[in-house]
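Taking it in order: structure first as C-alpha cells, then the write-up.
The values are calculated or read from the model by the stated rules, or taken from the named source; none is laboratory data. Note that the structure is a prediction, hence the values are computed from the model and not measured. All Cβ positions, glycine included, derive from the backbone under ideal geometry; neighbour counts span all protein chains shown. We work out accessible area using only protein heavy atoms, side chains counted, and drop any ligands, DNA or RNA first. Shrake-Rupley method; radii C 1.70, N 1.55, O 1.52, S 1.80 Å.
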Amino acid sequence: GIYYPRPPSSDAWLAKELIDLREHGLSPPIPALEVQVESRDRVFGDDDVAATRAHCERLLRAEGKVFGPWRFPLTFEVGHQITHAWDNTQNWFTYWPHTRDIEADLAKAIGVLTKAARIQGVTSLRAYLIDEGGAHNLLDEAVYYDRFVKERFPRLDTTTTIGGGIALGQDEIGALSGVVDFLSVNRFTPEIARALSAREKPFGLYNGAGSTPAGVRFFFGFHGWKSGAAQIAQWAYRDRKSVV
C-alpha cells in the first residue's frame with residue numbers, strides 16, 4: 001500500500017495515479033477515503049455531509065474501476081477539523097478539548113462515511129483517527145478517540161500508526177491494544193515483533209523502504225514477507241509540490 005493524501009481533483013489525473021499504483025502491485029490507497037469539511041466552523045453541517053458523500057462516491061467509483069472487487073479492508077480518515085486542526089507553530093495537529101458536540105459531530109461524520117461506502121459495496125472499513133500519536137505527546141488522545149469509536153461503532157475496526165512513541169520509551173502497543181484493531185509500526189525489532197504477534201491480530205509496517213531502489217524492493221518484498229505483516233505501506237505517493 002501507499003499513503004495517499006489529497007487525491008487530485010481531475011478525474012483523468014486521479015485515474016492515472018490509481019492505475020500507476022495498481023501497475024506497481026499496490027492495493028487501493030491509504031486512506032481510501034477522507035471525511036470532507038467544507039466550512040471550517042467546527043460544525044459538521046449539511047455542506048460537509050454533502051461533500052463527504054460526493055467524495056466517497058467519486059473515490060470509490062474510481063478505485064473500484066481500477067482495482068476491481070474490494071479484497072482488503074479500506075481505511076478512511078476522520079478527525080481533521082472535527083477533533084483537531086493543524087497547528088503551524090507545532091508543525092503538527094492540536095486537539096481541541098473534548099466536548100459532547102465534538103463527539104456528536106465525529107459520530108455523525110463516521111456514520112455518513114460508512115453509509116456512503118456501503119452503498120458502493122464496501123463493507124470492511126478501518127477508521128483512522130490519529131497519526132503517530134505517541135510521537136507527538138498525543139497518545140492519550142489516540143486512546144480516547146479510538147475507545148470512543150469502538151464503543152459507539154463496535155463493528156468498525158480502528159487503525160493507527162505507531163513507532164515514534166516506542167522510540168521515546170512509551171508502551172504504545174500496550175496502551176492502544178485495547179482500542180485499536182490494526183497497528184502499523186515504523187520500527188520493527190524482535191521485541192516489537194513479539195509484542196505485535198502476541199496480540200494475535202494482523203499488523204502493518206510502514207516507512208521502511210529508504211531512499212534506494214534496492215531498499216524499496218527489499219522492504220516491499222522479502223522483508224515484508226518475512227515479517228508476517230498483513231500490510232506494507234510507504235508515505236507518500238507524491239510530495240506537496242506536485243499536488244494537482
*Which one, (1) 0.94; (2) 1.08; (3) 1.39, gives Rg/Rh (Cα atoms, Kirkwood Rh) as derived from the coordinates shown?*
(1)
*Accessible surface of residue 99 - all protein chains present, 1.4 Å probe, nearest 10 Å²*: 60
*asked:* Computing the accessible area with a 1.4 Å probe over protein heavy atoms, can you report the carbon and sulfur percentage for the chain?
replied: 52
*Tell me, what is the percent relative contact order of the range 154-218, built from C-alpha pairs under 8 Å that lie six or more residues apart?*
29
*asked:* Using only the heavy atoms of the protein chains and a 1.4 Å probe, how would 96, 235, 225, 86 rank by accessible area, largest first?
replied: 225, 235, 86, 96
_On a 1.4 Å probe surface of the protein chains, which of 24, 84 comes out largest in accessible area, and what is the full order?_
24, 84
*Under the definition of Cα pairs under 8 Å and six or more residues apart, what whole-number percent is the relative contact order of the range 1-151?*
23
_Inter-label distance, nm, simple model (7 Å from Cα along the C-beta direction), residue 226/residue 99_ = 5.2
*Where does each of 126, 71 land when they are ordered by accessible area, with a 1.4 Å probe and the largest first?*
71, 126
*Would you kindly find the accessible area of residue 211, with a 1.4 Å probe and non-protein molecules such as ligands, DNA and RNA excluded, rounding to the nearest 10 Å²?*
120
*To the nearest 0.05, how large is the calculated FRET efficiency for residue 86 and residue 217 if R₀ is 25 Å and r is the Cβ-Cβ distance?*
0.15
*What accessible area per residue, rounded to a whole number of Å², is obtained for the range 38-119 using a probe radius of 1.4 Å?*
55
*For the range 171-244, what is the accessible area per residue in Å², given a 1.4 Å probe and the full set of protein chains?*
59
